[in-house]
1. Residues that are within 13 Å of another protein chain (Cβ to nearest Cβ) and without any contact (Cβ under 8 Å) to a residue 24 or more places away in the chain: list the helices (runs of 4 or more DSSP H) wholly contained in the range A:69-178 that include at least 3 such residues.
2. Out of (1) touching a helix residue (DSSP H, G or I) at 6+ places or on another chain (Cβ under 9 Å); (2) modelled with pLDDT under 95; (3) closer than 26 Å to residue B:71 by Cα, the odd one out for residue B:125 is which?
3. Against the condition surrounded by fewer than 15 Cβ atoms within 10 Å (Cβ to Cβ), out of contact with any strand residue (DSSP E or B) (no Cβ under 8 Å at 6 or more places or on another chain) and on the phi > 0 side of the Ramachandran plot, how does residue A:95 come out, does it pass?
4. Every residue in the range B:127-137 that is touching a residue at least 60 places away in the same chain (Cβ under 8 Å) and within 14 Å of chain A (Cβ to nearest Cβ), please.
5. Run residue A:226 past the list (1) surrounded by fewer than 15 Cβ atoms within 10 Å (Cβ to Cβ); (2) in a loop (DSSP other than H, G, I, E, B) and report the number of the one that doesn't hold.
6. When only residues in the range B:53-65 that are buried (at least 17 other Cβ atoms within 10 Å of the Cβ) and assigned to a loop (DSSP other than H, G, I, E, B) count, which is nearest to the chain's Cα centre (by Cα)?
7. Which one is farthest from the other protein chains (Cβ to nearest Cβ) among residues in the range A:35-68 that are assigned to a loop (DSSP other than H, G, I, E, B) and in contact with a strand residue (DSSP E or B) (Cβ under 8 Å, 6 or more places away or on another chain)?
8. Output the residues belonging to the range B:162-178 that are over 23 Å from residue B:265 (Cα atoms) and within 11 Å of another protein chain (Cβ to nearest Cβ).
């Protein structure tokens, strides 16, 4: 009986314990091979250079030099193997950057942070900061150098993308001798109607009114402040 | 006479019992036998063919708490790289936020492991004395309690100091999950086997860094050799006063924290 059990044990052991058990330590050696044959998803920060040397060169001297490409563009191993196979996404939306840059008191002091609710709220971050070299932009200190309050107001308004010079034809001399050379100001309801009248051909997202019946007895800006137009 | 008879019938019962036990037990192991026989061997020595000798390395990680911005990109990259389920509760690495208040209360939170970062703390800003982020992961203990409790030898320490799980041998008993003092293990909802950080073993054996280190924007995580002199980790360890989590347990972690507050557990 005992002999039977011992032989049975040895027999079972020879089957149950894999042949490569204990080769490197008290474990199955091929478990290691199985683990290391797992698919690699993140290609690593060196491979992008082969095909995107322009962007790599741009990034490596900027503030984002230590922010890996794949943080923003996602795992790219498939893309580097065959760029046609996997087209990477770019995080163009405004909500993305605050992941790292929103002011949170727990963040180390010195890390550049913004309060996104008040930092140029109506525009995508990348319209001012090149994501691969995000130095704070030298905006042409043009109109806002002297009309700071108006430009700040406008930057929070629905007219954020309507340039000052769309509504004010400004002679260059105005920037040097402002009081002698004054810019134009809109004078007619039709001026606003160019973009807002029902029968204008401007993009759909611009709200439309019937210019003949909408507040017909007044100038538009008697009711709507043009730098912060509101329709409550 | 009666006694003998009794004995005999007991004997028979016992023999029958042993026989049944043997049969049922081998039945239990049968699938294991079959899979062990078919699955081993095929991939064998891949590791050697890579020219990687585990005996020449000893891996560890340094974490600089003063650099972590709590963006959670490491948590995201870890899940992407390792196919960890996206749901809460399954993490190989996660980030905790510590908020220490003026009444000495300490609040620790980690919304969904911080995979989407953190939201600013509102209203109580004024009462916070200190606040910071602490990335966590398996400490790859030199003296790992999880390995000791595994009944089937499915979790083990490699020569290069990494704690791994042989998912083909893991029976999903959860002992190791209980035994880990750092909460670094979980039961994979699909495979029903124990899962944990591998230091991205499939990457580090191929000269890539772990995914969490790859994406960390501030170099708050430093990965490398503990023993080799010209390694970034050794330099990091020389430059900072280091702490480990729960040192009193003598687990001897290989994840080292710099600028760590006493309150961190």
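The values are calculated or read from the model by the stated rules, or taken from the named source; none is laboratory data. It should be emphasised that the depicted structure is a prediction, and the values quoted were computed from it without experimental measurement. In this analysis, Cβ positions are derived from the backbone assuming ideal geometry, glycine residues included, and neighbour counts consider all displayed protein chains.
1. In the range A:69-178, the matching helices (runs of 4 or more DSSP H) lie at A:98-101.
2. (1)
3. Details: surrounded by fewer than 15 Cβ atoms within 10 Å (Cβ to Cβ): yes; out of contact with any strand residue (DSSP E or B) (no Cβ under 8 Å at 6 or more places or on another chain): yes; on the phi > 0 side of the Ramachandran plot: no.
It is false that residue A:95 is surrounded by fewer than 15 Cβ atoms within 10 Å (Cβ to Cβ), out of contact with any strand residue (DSSP E or B) (no Cβ under 8 Å at 6 or more places or on another chain) and on the phi > 0 side of the Ramachandran plot.
4. The answer is B:130, B:132, B:133, B:134, B:135.
5. Result: residue A:226 fails condition (1) only.
6. So the first thing to find is which residues in the range B:53-65 are buried (at least 17 other Cβ atoms within 10 Å of the Cβ), and the list is B:54, B:57-65.
Subsequent filtering for residues that are assigned to a loop (DSSP other than H, G, I, E, B) retains B:57-58, B:65.
Details: B:57: 19, B:58: 16, B:65: 20 Å.
Here the residue is B:58.
7. Looking at the filtered set, the residue picked out is A:61.
8. Across the range B:162-178, the qualifying residues are B:164, B:165, B:166, B:167, B:168, B:169, B:170.
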